[in-house]
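What follows is a single structure, written as structure tokens, with notes after it.
The values are calculated or read from the model by the stated rules, or taken from the named source; none is laboratory data. What you are looking at is a predicted structure, and each value in this text was computed from that prediction instead of being measured. Here the Cβ positions follow ideal geometry from the backbone for every residue, glycine too, while neighbour counts run over all protein chains shown. When the accessible area is computed, the model is the full protein with side chains, heavy atoms only, and any ligands, DNA or RNA have been set aside. Shrake-Rupley method; radii C 1.70, N 1.55, O 1.52, S 1.80 Å.
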Amino acid sequence: MTGFVGAEITGVDTTRPLSDDTIATLRRALLEHKVIFLRGQRLDYESEVAFAQRFGELTLGHPLYGGPEGKPLLREMDSKGEGTRANHWHTDLTYLERPPAFAFLHNVVCPPVGGDTIWCNTAVAYSRLPQDLRDLADRLRIVHSNDADFTDDTYDGDARSRYLEHQFEAEHPAVRVHEETGERSLLLGGFARRVQGFSPQAGRDLIRMLTEYAIKPEHTVRWKWQKDDLVIWDNQATLHYAVYDYHGQHRRGERVTVGGPVPVGVDGSPSVVLRGDTSAYTAGLTR
């Protein structure tokens, strides 16, 4: 799709059983290109779950909300609901010790115009940092919280209060080493709150500076959704931004996520929980 991120896949029907070789090919494309796009996938809950399970154990739909009745592994991203204006650069659920590895978002309703999503490749962004900044980033530890900029931008009033009834924090390396590829990538996003060992202002400046390198246009791909698109991204090596430019029109997608490993930094130190218990979210549910 671009020089550094994104690939469109054709000739695959994810509603049907696929061979191990096909799944392996899709996984290689996902790991290489970070986000892959498939048009015309007429998925329902059962077929989306069945397909995503070929990539690993699935999580609950959301660590705070679970999923809709009878669909515990689903997260509905509905513009008519709460907390769906994710128009802020983020990696999904980094306030958890184990953020999801892969996300599968099936589009159900499109606004007539707008509603694109942008992804950036945080592995290539890391590789293109100035050497001195890369060396510093290798040593940084960043605290991610559900009480952060993302929450302020996404939730209003009572919805924000409900979202923060249970607070969660995790300390992550600023640079994680990908469990499968061995690539180093920046672990940032709207849940990033502060940098350990730095003053609040200095920490915010460091997060902002690293983010600016990550989201440079040449590191990004922008997707114009159509009904029944399926987009899969490597949540371990991307940031994304859901553009809220559709002026109250209806937009709805259905997401399932594969559980991820505990991120590990360049020095081998893993992420750690600072606050909250979301163990049920990654309990290995497969129904």
Handout entry: segment 191-205 - residue that is of a type outside the set (Val, Ile, Thr) and open to solvent by less than 20 Å² (accessible area, probe 1.4 Å) and, of those, farthest from residue 134 (Cα to Cα)
Key = 191
Exercise for the section: Scan segment 87-106 for residues that are open to solvent by less than 10 Å² (accessible area, probe 1.4 Å) and either farther than 20 Å from residue 65 by Cα or over 13 Å from the mean Cα position of the chain (by Cα) (or both) and report the count. Expected result: 1
Handout entry: Pair list, Cβ < 7 Å and 6+ apart or interchain, from segment 124-146 residues that are more than 17 Å from residue 198 (Cα to Cα) and aliphatic (A, V, I, L, M) to residues that are in a strand (DSSP E or B) and open to solvent by less than 20 Å² (accessible area, probe 1.4 Å)
Key = 125/186
Exercise for the section: Just need a number here: residues in segment 4-24 that are outside any helix (DSSP H, G or I) and open to solvent by less than 40 Å² (accessible area, probe 1.4 Å). Expected result: 7
Practice task
Determine whether residue 93 is within 30 Å of residue 250 (Cα to Cα), out of contact with any strand residue (DSSP E or B) (no Cβ under 7 Å at 6 or more places or on another chain) and aliphatic (A, V, I, L, M).
Solution key: yes
Practice task
Check 219, 240 and return the single one that is crowded, with 20+ Cβ neighbours inside 10 Å and out of contact with any helix residue (DSSP H, G or I) (no Cβ under 8 Å at 6 or more places or on another chain).
Solution key: 240
Practice task
Looking for whichever is on the phi < 0 side of the Ramachandran plot and more than 14 Å from the chain's Cα centre (by Cα) here; the options are 240, 250. Which one fits?
Solution key: 250
Practice task
Can you confirm whether segment 150-158 contains a residue that is in a loop (DSSP other than H, G, I, E, B), surrounded by 14 or more Cβ atoms within 10 Å (Cβ to Cβ) and at pLDDT 95 or above?
Solution key: no
